[in-house]
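J.: Before I ask anything, here is the structure I am working with.
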Amino acid sequence: MLAIARAKAEHAHTKKSLYLKACSHDLMQPLEAARLFTSALADQNNLNEVQQRQVQNIDHSLKVASDLLADLGEIARIESGNIKPQFEHFALNELFDSLAQEFSASAQELGVNFKVVATTAWVNSDRQLLRRILQNLIGNAFRYASPGKVLLGARLEGDRVSVQVLDNGPGIPESKQAMVFEQFTQLDTANAQSGRGLGLGLNITQSLSQLLGHKLVLKSKENQGCNFSLSLEKAQAVIKPKIELPAINVGFKGVTVLCIDNDADVLSGMVELLATWQCKVLAADSEQSAQQTFMDHINDIDIMLVDYQLDHQADGLTLIAELRTRCHHYV
């Protein structure tokens, strides 16, 4: 009886994960299409100040909804075991520089003094998953410490590297520190920014940390800020010869783009947005129409913008590889 009950529970858990994954993907499509249209509308020069603000508000609301669905989709991927880490040795400072650029605009908008301390450390981790973890920790610090200070840095501790995200926000009482890593949990504080989401960010962070084998520790006291630290394996630096490439200044005006997407609204939105950038746009809604359009304009296409999931189990990466074999230049 116990085995049957366990099998039923596991089956229900799998179905829940598949349901969340399907819902998040299917709902993301119309939302992303709407964001493409608002981006195209925002680029119009004939909007007055009120109209520009209204478009920005619509885009912000759509972004919040997209982010929530993305979090649900990520939870489903983690719980289904579909995320396989790809470990590599890389310079941690490359990731730090990228995060500094990514959050600079948000820091200015929210009044956050965001400081990134350069590091010479190399680590052994999955670059993309580690980036996702740090994005969540920094985003969380921005929500609860603005206006205030947030710092991203690293310390060498023997054969380990401790990556830390610190803030001077309201802090978390010891009695609630375990709770913040649970799904759908948010702390009620006066400092928290609006539109905080579903309370999944720290749960995703903890799950990814466990998947990578990186110990995640929270140190905090009420009214004394938070210190989230992540322990990574230190790696030997790999020095590669630097190859200087000639600088090429290329704009979008006049560039021919082949857009391929089986969702009519997303495809239309991409066409509208690229047209405002003065691109020459070719559109295809299926693998077959893409192949025909590509052959008709094989010498004109500069860029292909392709959706990953197409009809009939086709995928964008395979289609790109196939189309590239038919031409003598790289697109």
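J.: M295 to A275: FRET efficiency via 1/(1 + (r/R0)^6), r the Cβ-Cβ distance, R0 30 Å, to the nearest 0.05? Show your work: numbers first, answer last.
T.: On the way: r = 23 Å, r/R0 = 0.77.
Efficiency computed from Cβ-Cβ geometry: 0.85.
J.: Can you order the peptides 87-98, 265-276 by their average number of other Cβ atoms within 10 Å per residue, highest first? Please list the in-between numbers first.
T.: Numbers: 87-98: 16.2, 265-276: 19.3.
Order by mean packing, descending: 265-276, 87-98.
J.: Could you give the nm distance between label points at E233 and A105, where each point is 7 Å from its Cα heading toward the beta carbon?
T.: The modelled label-to-label distance comes out at 3.7 nm.
J.: At what distance in nm do the modelled label points of E88 and Y308 sit from each other, each positioned 7 Å from its Cα along Cα→Cβ?
T.: 1.6 nm
J.: Please compute the per residue accessible area over the range 64-146 with all protein chains in place, 1.4 Å probe, rounded to a whole number of Å².
T.: 45 Å²
J.: Treating the beta-carbon of each Lys and Arg as +1 and of each Asp and Glu as -1, no other charges, what is the dipole magnitude of the range 20-178 about its Cα centre, to the nearest 20 debye? The partial results should precede the final answer.
T.: Working: 15 positive and 19 negative charges, 47 e Å.
Rounded to the nearest 20 debye, it is 220 debye.
J.: Could you tell me which residue out of A314, I298, A264 lies farthest along the dipole of the range 257-325 toward its positive end? Charges go on the beta carbon: Lys and Arg +1, Asp and Glu -1, centred on the Cα centre.
T.: Toward the positive end, the furthest listed residue is I298.
The values are calculated or read from the model by the stated rules, or taken from the named source; none is laboratory data. What you see is a predicted model, and the numbers here were worked out from it, not measured in a lab. Virtual Cβ from ideal backbone geometry, glycine too; neighbours counted across all protein chains shown. Heavy atoms of the whole protein, side chains included, go into the accessibility calculation; ligands, DNA and RNA do not. Shrake-Rupley method; radii C 1.70, N 1.55, O 1.52, S 1.80 Å.
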